[in-house]
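What follows is one structure encoded as structure tokens, with my remarks underneath.
The values are calculated or read from the model by the stated rules, or taken from the named source; none is laboratory data. Just so you know, these numbers come straight off a predicted model, no measurement behind them. A quick note on method: Cβ atoms are made from the backbone with ideal geometry, for glycine too, and the neighbour counts reach across all protein chains shown. In case anyone asks, the SASA skips ligands and DNA or RNA and just uses the protein heavy atoms, side chains included. Shrake-Rupley method; radii C 1.70, N 1.55, O 1.52, S 1.80 Å.
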Amino acid sequence: MTKARLLRLSVVLVSIFMILLIIVYWDNVGTAHFYLHTSFSRPHSPGAIPGITAGEDWEALPDVDEFLAKLLSSSLKQNSSIPRKTEQLLVQGSSKPVVSNLEENVRGYDWSTHNDRNSLDQEKLQIERQRTLREFCANSSFTFPTKDRSFDDIPNYELNHLIVDDRHGIIYCYVPKVACTNWKRVMIVLSESLLDQGAPYRNPLDIPREHVHNTSTHLTFNKFWRRYGKFSRHLMKIKLKKYTKFLFVRDPFVRLISAFRSKFELENEEFYRRFAIPMLKLYSNHTNLPTSVSEAFGAGLRVSFSDFIQYLLDPRTEKMAPFNEHWRQVYRLCHPCQIDYDFIGKLETLDEDAAYLLQLLKVDRLLRFPPSYRNRTASSWEDDWFAKIPLAWRQQLYKLYEADFVLFGYPKPENLLKD
């Protein structure tokens with residue numbers, strides 16, 4: 001009888017082990033390619049960030065997490081001996097793609113050369129940005145919605161901005177209107193998640209914009225549940241601990257201006273129907289509006305920046321649906337108090353930050369970050385754009401986006417918040 005029980009127990013254990021092997025090794029995402037040897041690999045050197053010790057933000061992993069981590073890590077030696085196509089040096093050609101997208105056609109690319117060896121001390125800059133973020137996340141007197149929840153409390157649908165590259169051990173949280181189109185292109189090249197005539201893309205700018213923003217192109221955390229079931233959170237935690245995590249941010253008010261210019265000053269059918277029509281009806285008292293954006297523009301019916309700000313401040317807006325990702329706060333997109341980011345880039349220093357990040361990721365010989373747009377929305381435009389916005393609205397808007405200002409070290413725009 002005892003032998004029979006032992007036999008049944010052995011069969012169960014072997015079955016569980018085989019299921020885990022299938023999850024790890026046979027999934028077409030390539031989870032077993034756990035390339036951990038990046039310049040950002042934890043832990044940070046002691047003293048790099050005063051008051052914060054390496055790994056203090058991480059609780060001990062449950063047994064199943066430790067088991068999966070060991071199982072995944074066991075493939076490192078095997079994987080390190082396998083040559084990867086992406087390690088081939090790319091020809092640094094200067095071919096410029098034909099721009100077919102309306103927004104890119106209007107704005108154009110800045111192909112001028114930039115001096116990557118400027119006076120910015122990138123290492124110290126990163127330490128300072130991470131210190132600011134961690135200090136305010138730990139500051140109990142500074143509060144904002146969702147700050148105190150744990151990673152496990154974040155619903156799967158709120159993890160859809162975390163793009164995973166298993167080939168190089170990278171996680172990128174994309175923020176719309178912060179160079180995310182080009183960073184997504186970089187992630188496609190690195191992960192080889194999209195093919196062109198049977199071969200992976202090598203030049204980020206060769207990737208059509210419509211493919212870049214197709215959700216099926218990227219592996220994101222919110223897709224883990226469908227692939228791994230109850231093991232999904234365990235795998236997320238392992239990747240978050242082992243992989244290099246980065247995001248890029250931008251002055252919150254400038255990001256709003258950029259979103260407005262992109263979605264409401266250019267003809268955008270989707271945004272006209274979903275957002276512009278309700279705004280024009282609610283805040284400009286228009287009725288019988290055209291059904292197409294081209295007709296509306298032809299009749300001079302456009303959403304004003306004032307309409308847009310009223311929409312953001314209207315308490316009815318989020319009762320109907322969460323903010324669209326183009327104006328949703330960064331702390332709601334990327335969860336910076338729940339995820340310990342290794343690199344925080346800023347659009348204001350995009351060229352320098354991008355070059356430094358690719359170098360630290362050791363992929364700078366594989367690709368270059370695409371050039372910036374020529375007509376990029378600048379912080380110097382804020383005064384003009386907010387000139388006709390009532391002071392009370394500006395103050396309310398700041399409170400709405402205050403967490404993004406504070407967490408990422410952007411100064412409070414006092415000139416906009418006082419008479």
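Here are some notes:
- Fraction of accessible area attributable to carbon and sulfur, the range 307-367 (%, probe 1.4 Å): 48 percent
- Separation of alpha-carbon centers, the range 253-321 and the range 383-419, rounded to whole Å: 21 Å
- The heavy atoms of His286 present about 70 square angstrom of accessible area, all protein chains included, probe 1.4 Å.
- Evaluated at q = 0.15, 0.18 Å⁻¹: base-10 log I(q)/I(0), Debye formula over Cα of the range 284-419: -1.03, -1.26
- For the range 136-188, the gyration tensor built on C-alpha atoms gives a prolate shape. Its axis ratio a/c (a ≥ b ≥ c) is at least 1.5, and a/b is the larger of a/b and b/c.
- Looking at the range 238-345, the trypsin sites (Lys or Arg not before Pro) that sit in a DSSP loop and have at most 14 other Cβ atoms within 10 Å of their own Cβ are Arg316.
- Under the simplified labelling scheme, the Arg302-Ser380 pair shows an inter-label distance of 2.3 nm, with each label point 7 Å from Cα along Cα→Cβ.
- Prolate/oblate/rounded label for the range 147-280 (Cα gyration tensor, a/c 1.5): oblate
- Once backbone amide H atoms are built at 1.01 Å from N, Val249 has Gly345, Lys346, Leu347 as its partners under 5 Å, excluding neighbours fewer than 5 places away on the same chain.
- Taking every protein chain into account, the accessible area of the range 166-238 amounts to 36 square angstrom per residue (probe 1.4 Å).
- Debye-sum result for the range 332-402 in log10 I(q)/I(0), which assumes one identical scatterer on each alpha carbon, at q = 0.14 Å⁻¹: -0.72
- Close amide H partners of Ile170, meaning residues 5 or more places away or on another chain with modelled amide H under 5 Å apart, are Asp165, Thr244.
- Rolling a 1.4 Å probe over the protein heavy atoms gives the range 338-389 an accessible area of 44 Å² per residue.
- Derived scalar couplings ³J(HN,Hα) [the range 413-419; Karplus, 6.51 cos²θ - 1.76 cosθ + 1.60; whole Hz; x for Gly, Pro]: x, 4, 4, 8, 9, 10, 5
- Three-way shape call for the range 306-346 based on the alpha-carbon gyration tensor, with the a/c threshold at 1.5: prolate
- Placing pseudo-labels 7 Å out from each Cα toward the beta carbon at Lys319 and Ala392 gives an inter-label distance of 1.9 nm.
- Full-stretch length increase - His286, Thr132 - with 0.36 nm per residue and alpha-carbon distance subtracted: 50.9 nm
- In this simple spin-label approximation, Asn139 and Asn156 carry label points 7 Å from Cα along the Cα→Cβ vector, and these lie 3.7 nm apart.
- Computed over the range 271-347: relative contact order in percent, which uses C-alpha pairs under 8 Å that are six or more apart: 22 percent
- Over 28 Å apart at the Cα level, from the set Lys177/Lys388; Lys223/Lys281; Lys124/Lys412; Lys362/Lys399; Lys346/Lys399; Lys239/Lys362, are Lys223/Lys281; Lys362/Lys399.
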